[in-house]
Amino acid sequence: MKKRSDYHFKYPPNIHELDLATMVSMYRARGEPRKAAPGKYLACSITRNLLKEGKWWFGLYYSQKAWDSLLTKNSEGYPLTEAELNILGLIITSGEEPPHREYTEKNCGAIPKLAYLIVNDLKQFGFLIEDEHGFLSITPRGEKALQGISRRIYDKRFSLDMLTGFSSKDGGEIAGAGRKGRSDQTSLF
């Protein structure tokens, strides 16, 4: 599906080069206010205006106004990206049988280390629930957040063809999709 907007948070394309400790540190520090050193300035990545203090996102700085404009409807302050869209989308399209965490992390379009962090945060924000066996379910708050990021990127409600790896020529399957978990579970992809 064609994207209508590129105005949303994005993880750096070379994030895979980071070691785990650095990635966790940067991930946990996203959105924190950072002050410029005395006599120095930061620049907003959106407006290019000089700032004495800005919100930090993997080395980029944003004014509070620019940061707020990047947050999507019903995100509750959580900076949603395409990876979160894919995680929430994989869960909501799974039907009655929830997908396993490992499957979701593998197929969300983010590297496994980052996907693990994202799933944990989505659980902490109350957007999804994980049962004792590792199966994930989306909450009503998660559904609203999914619709917010879907509308921002595609200007419409979420649909299966928004997922990374979705191919309509393959009969609506996700490339490389394979379910892990219950052996009696029928694959929906």
Does anyone have the angle between helix 20-29 and the longest principal axis of the chain? Alpha-carbon axes, 0 to 90°, nearest 10?
70
Give me the one-decimal nm value for the distance between modelled label points at Ala37 and Glu132, 7 Å along each residue's Cα-to-Cβ direction.
5.4
For a quick check, take a GNM of the chain with Cα springs below 10 Å and name the residue from His16, His133, His100 with the largest mean-square fluctuation.
His133
Among Thr22, Thr139, Thr72, residue whose mean-square fluctuation peaks in a GNM of the chain (springs only between Cα atoms under 10 Å)
Thr22
Would you mind checking the radius of gyration and Dmax of segment 2-69 based on alpha-carbon positions, in Å?
13.2, 44
Compute the distance in nm between two label points, each set 7 Å from the Cα along the Cα-to-Cβ direction, one at Ser69 and one at Gln124.
2.9
How high is the relative contact order of the chain, in percent, with contacts defined as C-alpha pairs under 8 Å that are six or more residues apart?
21
Mind checking the angle between helix 112-124 and the chain's longest principal axis? C-alpha axes, 0 to 90 degrees, to the nearest 10.
90
List, in the order given, every pair from Lys65/Lys106; Lys2/Lys52; Lys3/Lys35; Lys65/Lys123 whose Cα-Cα distance in the structure shown is over 31 Å.
Lys65/Lys106; Lys2/Lys52; Lys3/Lys35
Backbone N within segment 1-17 under 19 Å of label point (7 Å from Arg48 Cα along the Cβ vector):
6-8
Whole-percent tail of the Cα-Cα distance distribution for the chain, cut at 24 Å, equals 42
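Bear in mind that the values in this text are calculations on the coordinates, not laboratory data. Just so it is clear, the structure is predicted and the values come from calculations on it, not from any experiment. A quick note on method: Cβ atoms are made from the backbone with ideal geometry, for glycine too, and the neighbour counts reach across all protein chains shown.
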